[in-house]
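Presented below is the structure to which this report refers.
The values are calculated or read from the model by the stated rules, or taken from the named source; none is laboratory data. It should be emphasised that the depicted structure is a prediction, and the values quoted were computed from it without experimental measurement. Counting neighbours? That spans all protein chains shown, and the Cβs are built from the backbone with ideal geometry, glycine included. Accessible surface is based on the protein model in full, side chains and every heavy atom, while ligands, DNA and RNA are left aside. Shrake-Rupley method; radii C 1.70, N 1.55, O 1.52, S 1.80 Å.
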Amino acid sequence: MRQVYLDHQSATPLLPEAFEAMRPYFTEYYGNASSLHQHGLRVRDALKKARQQMAALIHAESEDEIFFTSDGTESANLAIKGVAYANERKGKHLVISATEHPSVVNSVEFLEKQGWTCTRVPVDREGRVDLKGLEAAITPQTVLVALHHVNHDIGTIQPVVEAGKICAKAGVPLYVDCEASAGWLPIDVREFGAALVSFSPHRFYGPKGVGVLYRNKRARIVSILHGGVQEGGRRAGTENIPAIVGAGVAAEVAARELPQWRAHTAVLQKRLWDGLSRDIPFIKLNGPIPGPDRVSTNINISTEFIEGEGQLLLCDLNGIAVASGSSCVSKSLKISHVLSAIGLDHALAQGNLILTLGKDNTEADMDYVVETFVRIVDKLRGMSPMWEEFERGVIDSVIAPRGFGKSFSEHAAAVSGKAAH
Amino acid sequence: MSDTYTLYNPTVMDHFMNPRNMGDLRDADGVGEVGAAACGDIMKISLKIRDGKIEDARFKTFGCGSAIASSSMATELIKGRTIEEAMTFSNQEVVNALGGLPPVKIHCSVLAEEALKAALEDYVKRHPELAERAAAAEPVSA
Ligand code: FES
């Protein structure tokens with residue numbers, strides 16, 4: 001059976017050259033970067049090189065602005081809490097968009113329990129943040145604005161440069177979460193006007209276990225992990241040297257290959273969506289159409305009248321690895337907050353699937369996915385009471401309404417005695 | 001890599017991939033459709049009843065893998081039971097027969113129990129004489 005991995009948003013395979021570079025740091029160069037002898041000094045050098053490679057990827061002025069953490073979640077926690085705590089005396093107000101990653105949202109909620117307040121700026125139906133709303137949300141008490149570069153769920157590219165200008169005018173630092181864009185879109189921290197930027201090398205063929213936080217020297221931040229004085233005292237804890245070395249190599253390769261990776265995935269993205277929209281009725285693309293407003297690696301679809309977990313399972317049984325934002329796949333039984341924020345109907349959010357492309361996917365893979373998905377949709381629609389009720393005219397389609405029949409949500413509320421969500 | 005990993009145990013996967021009794025019954029004697037308040041999924045069970053016994057059952061489900069497997073298993077289990085027996089059917093029986101479900105997925109089996117009971121209620125509603133007979137019989141059975 002053909003194997004098609006379409007979950008690059010979760011993990012990517014490690015580059016062979018990164019793996020080779022890491023190998024000696026497990027067994028031969030095992031020193032601790034804090035040690036003062038040969039073993040320590042050697043890895044200190046490796047650490048410096050990796051910092052330079054990271055700085056180059058995002059056009060940071062100096063490698064001293066790069067901190068290594070354990071992953072993207074830690075970077076987000078450090079950015080949000082570190083800045084909030086450092087600026088407590090100035091004010092206790094934060095501004096974020098409604099569709100940030102959970103590591104940002106939950107860090108903010110943690111602070112809200114301790115007396116901070118936060119304004120969540122709405123996004124439009126394609127997930128683009130409302131810049132006027134963002135500007136209006138900033139108050140004299142605001143100490144940080146957080147806006148992601150690319151949305152992790154629906155691939156929307158945010159107007160970060162414009163947001164950066166608004167923040168500069170207001171004198172508030174901007175934190176840009178680049179988890180879903182690093183390695184796939186050019187990042188220039190100076191052009192963004194960003195005080196902080198975070199990203200994870202495992203999204204672009206580096207290893208897991210390492211995250212990056214860029215911090216402009218002028219931005220005040222305090223440590224949230226306490227211990228030794230690693231990372232300039234901003235992040236205590238022994239550095240994960242093998243992972244950092246591999247991440248540096250991955251960053252160097254990504255900086256070089258980015259235009260090709262991007263062009264290749266853009267072709268696949270278009271082929272995939274063209275095929276799906278051609279062969280499957282009542283299917284919707286969430287987020288902007290493939291083009292300048294959407295990252296080339298993401299396709300987020302809602303297939304009407306069927307639920308997402310079943311789609312995911314049947315894809316997996318056919319060798320296709322995907323993700324879903326349906327409530328049935330989440331432990332909290334809630335649909336993805338991004339899908340709620342763009343105002344997607346519950347019925348469509350339930351039928352959600354997230355496909356994220358990588359450099360090794362091929363056009364033949366895309367054709368296989370389209371072909372297979374047609375069969376999966378037929379099978380699940382054949383089992384779905386909603387499909388049958390739609391065909392009988394009892395309920396109407398959200399995607400292409402015929403103008404008669406109840407909405408799915410009305411119907412669901414009627415049979416469950418409660419509104420959906 | 002020779003191992004295949006699955007989200008659910010082999011019995012659940014089997015019922016998800018090869019659901020039993022999927023579909024509708026023409027001239028069903030009772031139809032129940034319910035929704036899960038937790039996740040918003042929907043299940044429908046249709047019954048054919050003869051001489052107080054469930055002769056045939058079918059399901060349709062808009063829901064996750066364990067909801068599909070639960071409805072498949074529930075329709076298997078209740079075939080041949082009397083209405084009285086079916087009235088006391090519990091989701092735990094589905095969970096046991098499936099060899100267990102993840103804790104967060106127990107509510108999917110509850111959906112199957114509720115759909116079955118809704119179908120039985122529909123049948124009773126269509127046959128008011130049954131309720132009368134049950135009421136008359138009550139003192140004896142009590
Ligand atoms: S029916 Fe939604 S989680 Fe099972």
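Applying the criteria of a DSSP loop state and at most 16 other Cβ atoms within 10 Å to the trypsin sites (Lys or Arg not before Pro) of region A:65-120 yields A:R89, A:K90, A:K113.
Please state the equivalent ellipsoid semi-axes for region B:67-142: what are the square roots of 5 times the Cα gyration tensor eigenvalues, largest first, in whole Å?
Details: eigenvalues 155, 31, 21 Å².
For region B:67-142, the semi-axes come out at 28, 12, 10 Å.
Starting from a Cα-only point model with no solvent, please compute log10 I(q)/I(0) by Debye for region A:107-238 at q = 0.09, 0.15, 0.22 1/Å. Log-scaled intensity ratios, in q order: -0.29, -0.82, -1.49.
Across the protein chains, with a 1.4 Å probe defining accessible surface, the residues B:C108, A:C118 rank A:C118, B:C108 from largest area downward. When the scattering of region A:258-416 is computed by the Debye formula from its Cα atoms alone, each counted once and equally, what is log10 I(q)/I(0) at q = 0.09, 0.18, 0.21 Å⁻¹? Reported log10 I(q)/I(0), two decimals: -0.29, -1.13, -1.46. With the gyration tensor restricted to C-alpha atoms of region B:40-84, the semi-axes of the equivalent ellipsoid amount to 22, 10, 7 Å, longest first.
For chain A, the percent of C-alpha pairs falling in each 10 Å distance bin, counted from 0 to the bin holding the largest distance, reads 5, 21, 28, 24, 15, 5, 1, 0. Note on A:V150: accessible area is roughly 10 Å² with a 1.4 Å probe, heavy atoms of protein only. Calculated FRET efficiency, A:S340 to A:K48, Cβ-Cβ distance, R0 = 30 Å: about 0.10 to the nearest 0.05.
Pick out which of B:L25, B:L116, B:L130 has the largest mean-square fluctuation in a Gaussian network model of chain B, springs linking Cα atoms closer than 10 Å. Comparing B:L25, B:L116, B:L130 in the GNM, the peak value goes to B:L130. Computed over the Cα atoms of region B:10-91, the ratio of the radius of gyration to the Kirkwood radius (Rg/Rh) comes to 0.96.
Comparing the full protein assembly with the isolated chain (1.4 Å probe, heavy atoms, ligands and nucleic acids excluded), the residues of region B:54-68 losing at least 50 square angstrom of accessible area are B:K60, B:F62. With a 10 Å cut-off around each Cβ of B:10-21, the average count of Cβ atoms from other chains is 1. The fraction of accessible area contributed by carbon and sulfur in the protein assembly as shown is 54 percent, rounded to a whole number (1.4 Å probe; ligands and nucleic acids excluded).
In chain A, a dipole from Cβ-located charges (positive for Lys and Arg, negative for Asp and Glu) runs towards its positive end, and of A:L344, A:T119, A:G228 it is A:G228 whose Cα lies farthest in that direction. Only protein heavy atoms count here; under a 1.4 Å probe, A:W387 has an accessible surface of about 50 Å². Taking every protein chain into account, the accessible area of region A:16-254 amounts to 40 square angstrom per residue (probe 1.4 Å).
B:Q92 to A:H37: FRET efficiency via 1/(1 + (r/R0)^6), r the Cβ-Cβ distance, R0 45 Å, to the nearest 0.05?
On the way: r = 64 Å, r/R0 = 1.42.
The value I calculate is 0.10.
Here the convex hull built on the C-alpha positions of region A:197-288 has a volume of 163 cubic angstrom per residue. Leaving ligands and nucleic acids aside, the B/A contact buries around 2500 square angstrom of accessible area in total at a 1.4 Å probe radius.
Which net charge results for the neighbourhood of B:L77, defined as the other residues with beta-carbon distances under 12 angstrom from its beta-carbon, given Lys and Arg at +1 and Asp and Glu at -1?
On the way: positive: B:R20, B:K79, B:R81; negative: B:E76, B:E85, B:E93, B:E113.
Spelling it out: positives minus negatives among the neighbours equals -1.
Rounded to the nearest 20 debye, the dipole size of chain A about its Cα centre is 1180 debye, using +1 on the Cβ of Lys and Arg and -1 on the Cβ of Asp and Glu. Averaged over the residues of peptide B:28-36, the number of Cβ atoms from other protein chains lying within 10 Å of each residue's Cβ is 3. Accessible area of A:Y85 (1.4 Å probe, protein heavy atoms only, ligands and nucleic acids ignored): about 70 Å².
Dividing the mean sequence gap of close Cα pairs (under 8 Å, 6+ apart) by how many residues region A:16-254 holds gives a relative contact order of 27 percent. If you filter region A:345-421 for trypsin sites (Lys or Arg not before Pro), then keep DSSP loop positions with at most 11 other Cβ within 10 Å, what is left? Answer by residue number: A:R392, A:R402.
Can you bin region A:286-337 into rounded, prolate or oblate? Criterion: square roots of the alpha carbon gyration tensor eigenvalues sorted a ≥ b ≥ c, rounded for a/c under 1.5, prolate for a/b above b/c, oblate for the rest. Here region A:286-337 falls in the oblate category.
For the peptide B:41-50, the mean number of other protein chain Cβ atoms found within 10 angstrom of a residue's Cβ is 3.
Treating each Cα of chain B as an identical point scatterer and summing with the Debye formula, the log10 of I(q)/I(0) at q = 0.11, 0.12, 0.16, 0.19 Å⁻¹ comes to -0.41, -0.48, -0.79, -1.03. Across region A:16-254, Cα-Cα pairs more than 22 Å apart make up 50 percent of the total. As a quick test, which of the pairs A:K406/B:K60; A:K284/B:K125; A:K217/A:K331 have an alpha carbon distance above 30 angstrom in this structure? With Cα atoms farther than 30 Å apart: A:K284/B:K125; A:K217/A:K331. Measure nothing fancy, just the Cα-based angle from helix A:72-86's long axis to the longest principal axis of chain A, in degrees from 0 to 90, nearest 10. For A:72-86 against chain A, the angle is about 60 degrees.
Counting other Cβ atoms within 10 Å, keep those with at most 14, restrict to DSSP loop, and tell me which GluC sites (Glu not before Pro) in region A:1-87 are left.
On the way: sites: A:E17, A:E20, A:E28, A:E61, A:E63, A:E65, A:E74; in loops: A:E28, A:E61.
Answer by residue number: A:E28, A:E61.
Panel values: region A:358-421, Kirkwood radius from alpha carbon pairs, Stokes-Einstein at 20 °C and 1.002 mPa s, translational diffusion coefficient 152 µm²/s. Relative to the dominant Cα principal axis of chain B, helix B:128-141 is inclined by about 80°.
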